[in-house]
Amino acid sequence: MIHAAQGEFPRVVMAPGDREDAFVLAWKAFNLADQLQTPVVILGDSYLSDNRESIPYYDLDAVTVERGKFVAEGDIADHPEALGADGQYFRYKLTEDGVSVRALPGVSGATQLVNSYEHDEYGWGSAGEMATVRSAQDEKRMRKMELARTLVPPPALFGVPPEAADVSLLVFGTTKGPALEAIRWLEPEGVRVAMMQVVTVWPFPAEEVLSFLDAAKTTVIVEGNLTGQLQGLVRQHCLRDVDHTLHRYDGRPFSPEQIYAKLTEVIAGA
Amino acid sequence: MPEVSEVTRALKPTWCPGCGNFNMQKALSEVLSESGMRFEEYVMVWGIGCHGNGADFYRSQGFHGLHGRALPVATGIALTNPQLKVIVEMGDGDGYGIGGNHFIHSVRRNVNMTAIFHNNQIYGLTTGQASPTSDQFMKTPSTPGGVVEEPVNPVGVAVAQGATFVARGFAGDVPHLKELYEQALAHEGFAIVDVFQPCVTWNKINTFKWYRERAYKLEETPDYDPTSRTKAFELSMSTFHDLTCAPEECRIPIGVFYREEKSFTYQDGLPQLDRPLWQHAQQPRDIRSILEKF
Ligand SMILES: Cc1ncc(C[n+]2csc(CCOP(=O)(O)OP(=O)(O)O)c2C)c(N)n1
Ligand code: SF4
């Protein structure tokens, strides 16, 4: 999801941990896709989609529709920021934040070529073959990642703060549920656990993860894969490693028992 | 009304001199200009290939996407804003090979749009490999021993699948091609125009001369009846001929094979298309009443 590409392009990947996350991230994903004009991926799994659960009402009042730099009707001449020096509409105009005004077909004056080939500011593919144009468009697209960082949902924190915790847990996706359950079981035993759920996996929230890890005494990553995908991101972007890991990759979700046992073992050894 | 010089670009197309694509562009740009449609009233969508490079030679609201995927994109556009006229340009490799699945289902759906196929019976852009419409036993760089399989019969497939407008043109006859384009654009439903477009560089068999010696106009035949599906299907069988057939042995019909005046289009089946879809998505919808059932 993060690396699959034909050439480099910006994207957002978000991993819901439960139904409420899925509901909230779904409408946020649509908004982000419009605001950033780039693909947004919701990383679900079977545990999330194949289970039934009764849940309280979602907070429907929180839902907003954000279309970003979007012109759906009228005349593009009324949007000077979308035009080049000669008054021509530029679908791929070079902008500071990397996002250009998107005019729907049907908007007066908005001739454009939406192009899967590299292209210039108008969309012409032949011009996109020029080295300077290619680099400028590539850099423009990638600037969206900086904007994305300001818009995407931050990691979610549970339990006690990492400074006060005996053990601090880093997870993403549906590991959230069984992990929270394990934490609840540990509470009566006097074990204090901090947990950070990485909600937006890409762009990776390096700063937040780094301060979480640096504040923690003992760190554990629990993740549902063989190779340590989250751990790899932590190493790459935070230049840190965790003290312990727990993986599950037999096609089944974690059980709370499994996480409870691991945390108990970590604390006993600490 | 936009002039021909406005719907095309003042840029010399990169097609090989003599390529059939030039006449196809001439025919379409003249029809677009004469139609009086304003730029905001139509959208053009291209596949990938020499035909698709045409995206750079028109000035329109255009979309140049992935190889073989022009039809799904065009369908999306047509179903997003029913007020737009959608024109798709594809190749034979593009539209009948990698995009063949979309072709069949677009015919089934009868989406209101026009699909033009630049059929040169070869992969032009990638230097002359056999395409789905290359004749059996044709030798190409990818089939040094000759094409093993029978060609796709686009007209026959479309007619069999319930198409509501199927025509075939020839890039060597611009006035006739213009007539076909005009009828296709006026058709309510999925209009197909398969155009023989000689690739002068890679296809040394199906040349302008080859088609000229074999093509005849359906409209000029005595018992012409474009409302008969079985007749159209029968005529489409001209696809299957010997690679080296003499002109009198393989007569190839061009013109409108089949048309259905009043058909149920995909758009007709979607009441939400009373307005462009973006107008539905301006505010979050209140779904509380749906949730309350649970
Ligand atoms: C997914 C994908 N597969 C393969 C290609 C390589 N490719 C580019 S054009 C082409 C065939 C073009 O033939 P046709 O559709 O007949 O168009 P023409 O060039 O003859 O107009 C191929 C195979 C590609 N661009 N994308
Ligand atoms: S390779 Fe063939 S189809 Fe492509 S531009 Fe040249 S003549 Fe035309």
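The values are calculated or read from the model by the stated rules, or taken from the named source; none is laboratory data. Keep in mind that this is a model prediction, so the values were computed, not measured. Heads up, the Cβs are rebuilt from the backbone with ideal geometry, glycines too, and the neighbour counts pull from every protein chain shown. Quick note on the areas: whole protein, heavy atoms, side chains included, nothing else; ligands and nucleic acids left out. Shrake-Rupley method; radii C 1.70, N 1.55, O 1.52, S 1.80 Å.
Residues to consider are A:52, A:67; find the one that is at the interface with chain B (Cβ under 10 Å from one of its Cβ atoms), more than 22 Å from residue A:3 (Cα to Cα) and not in a helix (DSSP H, G or I).
Working: A:52 fails: at the interface with chain B (Cβ under 10 Å from one of its Cβ atoms).
It is A:67.
Check the range B:206-217 and report whether any residue there is exposed (fewer than 14 other Cβ atoms within 10 Å of the Cβ) and modelled with pLDDT under 95.
No, the range B:206-217 contains no residue that is exposed (fewer than 14 other Cβ atoms within 10 Å of the Cβ) and modelled with pLDDT under 95.
Can you say whether residue B:120 is of a type outside the set (Phe, Trp, Tyr) and away from chain A (no Cβ under 14 Å), as far as the supplied structure shows? Explain how you work it out, then say what you get.
On the way: of a type outside the set (Phe, Trp, Tyr): yes; away from chain A (no Cβ under 14 Å): yes.
The answer is yes for residue B:120.
Residues of the range B:29-56 being of a type outside the set (Asp, Glu), facing chain A (nearest Cβ under 9 Å) and over 17 Å from residue B:94 (Cβ atoms), which ones?
B:38, B:39, B:42, B:43
Looking only at the range B:141-156, how many residues end up being among the aliphatic types (A, V, I, L, M) and more than 19 Å from residue B:195 (Cα to Cα)? Let's see the steps before the verdict.
We begin by selecting, within the range B:141-156, every residue among the aliphatic types (A, V, I, L, M); these are B:147-148, B:152, B:155.
Going one step further and asking which of them are more than 19 Å from residue B:195 (Cα to Cα), we end up with B:147-148.
Matching residues across the range B:141-156 total 2.
Could you say which residue among A:88, A:112 is open to solvent by less than 30 Å² (accessible area, probe 1.4 Å), under 30 Å from residue B:9 (Cα atoms) and without any contact (Cβ under 8 Å) to a residue 60 or more places away in the chain?
Details: A:88 fails: open to solvent by less than 30 Å² (accessible area, probe 1.4 Å).
Criteria check complete, one pass: A:112.
Please give the number of the condition residue B:116 fails out of (1) surrounded by fewer than 24 Cβ atoms within 10 Å (Cβ to Cβ); (2) closer than 30 Å to residue B:269 by Cα; (3) within 16 Å of ligand 2 (Cβ to nearest atom).
It fails just one condition, (1).
Listed residues B:12, B:26; which is of a type in the set (D, E, K, R), in a loop (DSSP other than H, G, I, E, B) and either within 12 Å of chain A (Cβ to nearest Cβ) or open to solvent by 10 Å² or more (accessible area, probe 1.4 Å) (or both)? Walk me through it before giving the result.
On the way: B:26 fails: in a loop (DSSP other than H, G, I, E, B).
Unique residue meeting the criteria: B:12.
Among the listed residues A:60, A:94, which satisfies the condition of being at pLDDT 95 or above and either aliphatic (A, V, I, L, M) or out of contact with any helix residue (DSSP H, G or I) (no Cβ under 6 Å at 6 or more places or on another chain) (or both)?
Going through A:60, A:94 in turn, just one is at pLDDT 95 or above and either aliphatic (A, V, I, L, M) or out of contact with any helix residue (DSSP H, G or I) (no Cβ under 6 Å at 6 or more places or on another chain) (or both): A:94.
Inspect the range B:71-87 for any residue being near ligand 1 (Cβ under 9 Å from one of its atoms) and not hydroxyl-bearing (Ser, Thr, Tyr) and give the result as yes or no. Before you say what the answer is, go through the steps one by one.
Applying the first criterion (near ligand 1 (Cβ under 9 Å from one of its atoms)) to the range B:71-87 yields none.
No.
Run down B:68, B:76 and say which single residue is within 14 Å of chain A (Cβ to nearest Cβ) and without any contact (Cβ under 8 Å) to a residue 12 or more places away in the chain.
On the way: B:68 fails: without any contact (Cβ under 8 Å) to a residue 12 or more places away in the chain.
Only one candidate qualifies: B:76.
Considering every residue within the range B:122-136, establish whether at least one is more than 21 Å from residue B:19 (Cα to Cα) and in a helix (DSSP H, G or I).
First pass over the range B:122-136, keeping only residues more than 21 Å from residue B:19 (Cα to Cα): B:136.
Still in the list and also in a helix (DSSP H, G or I): none.
No: zero hits.
Could you figure out which of (1) part of a loop (DSSP other than H, G, I, E, B); (2) at pLDDT 95 or above; (3) open to solvent by 30 Å² or more (accessible area, probe 1.4 Å) isn't true of residue B:82?
(2)
Kindly state which strands (runs of 3 or more DSSP E) lie completely within the range A:99-179 and contain at least 1 residues that are hydroxyl-bearing (Ser, Thr, Tyr). If you could, list the steps in order and put the result at the bottom.
Values: elements: A:112-115, A:156-159, A:167-172.
In the range A:99-179, A:167-172 are the strands (runs of 3 or more DSSP E) which contain 1 or more residues that are hydroxyl-bearing (Ser, Thr, Tyr).
Inspect all residues belonging to the range B:192-199 and state whether any of them is at pLDDT 95 or above and more than 16 Å from ligand 2 (Cβ to nearest atom).
For the range B:192-199, residues at pLDDT 95 or above and more than 16 Å from ligand 2 (Cβ to nearest atom): present.
Which one is farthest from the other protein chains (Cβ to nearest Cβ) among residues in the range B:254-280 that are closer than 13 Å to residue B:107 by Cβ and open to solvent by 30 Å² or more (accessible area, probe 1.4 Å)?
B:260
Within the range B:59-75, identify whether any single residue is within 13 Å of ligand 2 (Cβ to nearest atom) and open to solvent by 10 Å² or more (accessible area, probe 1.4 Å), and answer yes or no. Talk me through it step by step, then tell me what you get.
Initial filter on the range B:59-75 (within 13 Å of ligand 2 (Cβ to nearest atom)): none.
Scanning the range B:59-75 turns up no residue that is within 13 Å of ligand 2 (Cβ to nearest atom) and open to solvent by 10 Å² or more (accessible area, probe 1.4 Å).
Could you tell me whether the range A:207-214 includes any residue that is surrounded by 15 or more Cβ atoms within 10 Å (Cβ to Cβ), part of a strand (DSSP E or B) and not assigned by TED's automatic domain parsing to the domain that holds residue A:34?
So the first thing to find is which residues in the range A:207-214 are surrounded by 15 or more Cβ atoms within 10 Å (Cβ to Cβ), and the list is A:208-210, A:212-213.
Right, trim to part of a strand (DSSP E or B) and you get none.
Scanning the range A:207-214 turns up no residue that is surrounded by 15 or more Cβ atoms within 10 Å (Cβ to Cβ), part of a strand (DSSP E or B) and not assigned by TED's automatic domain parsing to the domain that holds residue A:34.
If you scan the range A:141-198, which residues turn out to be in contact (Cβ under 8 Å) with a residue 40 or more places away in the chain, small (Gly, Ala, Ser) and within 22 Å of residue A:234 (Cα to Cα)?
Those that are in contact (Cβ under 8 Å) with a residue 40 or more places away in the chain, small (Gly, Ala, Ser) and within 22 Å of residue A:234 (Cα to Cα): A:148, A:156, A:165, A:168, A:173, A:177, A:179.
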